[in-house]
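K.L.:
Shown below is the structure under consideration.
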Amino acid sequence: MSLASVMVYVDSEQQDEGQIAVAEAVANDFGAALLGVSAIATEPPFVAEGVIIEQTTADDLERIRGALSAKEAWFRRIVRLPGEKVEWRWTIGFPTEFLVEQSRAADLVVVRRSQLKSKSSHYLDAAGAMLRVGRPILLVPDGVTRLSGDRIVVGWKDAREARLAVRDALPFLTRASQVTIAEICASSEQDAARDRVRDVAGYLQRHGVSCQHEVRVHTAEPDAGYLVRLAADVGADLIVTGGYGHSRLGEWVFGGMTQSLLQHAPVCLLMSH
């Protein structure tokens, strides 16, 4: 299993390498191309006393183009892959919309997992993008600059999103020395859960993955907290799960585990929706 194209979103104001270093390492490991993507949104016009007022001037557009050009130069400078393996794409528009659109060119999308700022449409909504890109998305927490992927935890739930995530993660899972599959269930579900994780383990073993599995009954500890602790216990720096959520009246609504992992996990997350 392999990857041919890795896409990474680069904020125009970003100064640290962060997720770019992770994306570059993944691309290098798989011999893949690395596509940098960035966008800056303009202020929409508004109507005052029946007159349409344009808030973005020609000078503003020129400054935006200059900022994106400077960010491209910075991106190409810090990335050490051969030039023919590196591409840059940009637009003057909304970051999340542009990333979703451009993801058609990628096997994997890598984003920085930071909190949304106040003008959310002007910044990348990593969680919202996860639900829309139609590709596996690797969410990198602030401060993380490397991903070994040697040990991986799979948070299993018998749902479409988890099946997609396990399949999409095969390029990483087949290279790991140890994969731990865990399902958290109600006490009445333990036997069925054991059957489910055994099936997942069997599926992965047929792909050459070295894995173990376990079932845990829900406790007072949040499910996401247990996955994070399990990752720490086995020395994993990647958690693979389905991304559970939907849109409701323009707002993204996430499942409890998905939301908690997006907010608190100290390691990289690979999610599919």
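K.L.:
Can ILE137 be described as under 30 Å from THR42 (Cα atoms), among the hydrophobic types (A, V, I, L, M, F, W, C), touching a helix residue (DSSP H, G or I) at 6+ places or on another chain (Cβ under 7 Å) and surrounded by 21 or more Cβ atoms within 10 Å (Cβ to Cβ)?
P.N.:
yes
K.L.:
Given the criterion of a type in the set (Lys, Arg) and either within 23 Å of ASP125 (Cβ to Cβ) or modelled with pLDDT of 95 or more (or both), identify the matching residue among ARG63, ARG76.
P.N.:
On the way: ARG63 fails: either within 23 Å of ASP125 (Cβ to Cβ) or modelled with pLDDT of 95 or more (or both).
Result of the check over ARG63, ARG76: ARG76.
K.L.:
Now for a separate question. Looking for something under 18 Å from ALA224 (Cα atoms) and of a type outside the set (Val, Ile, Thr) - is there at least one such residue anywhere in the range 165-178?
P.N.:
Of all residues in the range 165-178, those under 18 Å from ALA224 (Cα atoms) come to 165-166.
From what's left, of a type outside the set (Val, Ile, Thr): 165.
Yes, the conditions are met somewhere in the range 165-178.
K.L.:
Out of ALA127, ALA182, ALA162, ALA192, I need the residue that is assigned to a helix (DSSP H, G or I), open to solvent by less than 10 Å² (accessible area, probe 1.4 Å) and either assigned by the TED database to the domain that holds THR219 or within 20 Å of VAL8 (Cα to Cα) (or both). Which one? Spell out how you get there, then give the answer.
P.N.:
Numbers: ALA127 fails: open to solvent by less than 10 Å² (accessible area, probe 1.4 Å); ALA182 fails: assigned to a helix (DSSP H, G or I); ALA192 fails: open to solvent by less than 10 Å² (accessible area, probe 1.4 Å).
Sole residue among the options that is assigned to a helix (DSSP H, G or I), open to solvent by less than 10 Å² (accessible area, probe 1.4 Å) and either assigned by the TED database to the domain that holds THR219 or within 20 Å of VAL8 (Cα to Cα) (or both): ALA162.
K.L.:
Looking only at strands (runs of 3 or more DSSP E) that fall completely inside the range 215-273, which ones have 2 or more residues that are at pLDDT 85 or above and open to solvent by less than 40 Å² (accessible area, probe 1.4 Å)? Can you show your working first?
P.N.:
Values: elements: 238-242, 245-248, 251-254, 268-272.
Counting at least 2 such residues, we get 238-242, 268-272.
K.L.:
Take the residues of the range 92-102 that are touching a helix residue (DSSP H, G or I) at 6+ places or on another chain (Cβ under 8 Å) and crowded, with 17+ Cβ neighbours inside 10 Å: which is farthest from ALA39 (Cα to Cα)?
P.N.:
Selected residue: VAL100.
K.L.:
Okay, moving on. Hey, can you tell me all the residues within the range 1-24 that are among the aliphatic types (A, V, I, L, M) and buried (at least 19 other Cβ atoms within 10 Å of the Cβ)? Please lay out each step first, then the result.
P.N.:
Filtering the range 1-24 down to residues among the aliphatic types (A, V, I, L, M) leaves 1, 3-4, 6-8, 10, 20-23.
Matches in the range 1-24: VAL6, MET7, VAL8, VAL10, ILE20, ALA21, VAL22, ALA23.
The values are calculated or read from the model by the stated rules, or taken from the named source; none is laboratory data. On a predicted model such as this, the values are computed, not experimentally measured, just so you know. Using ideal geometry, Cβ is built from the backbone for each residue, glycine included, and neighbour counts are taken over all protein chains shown. With ligands, DNA and RNA removed, areas are computed over all heavy atoms of the protein, side chains included. Shrake-Rupley method; radii C 1.70, N 1.55, O 1.52, S 1.80 Å.
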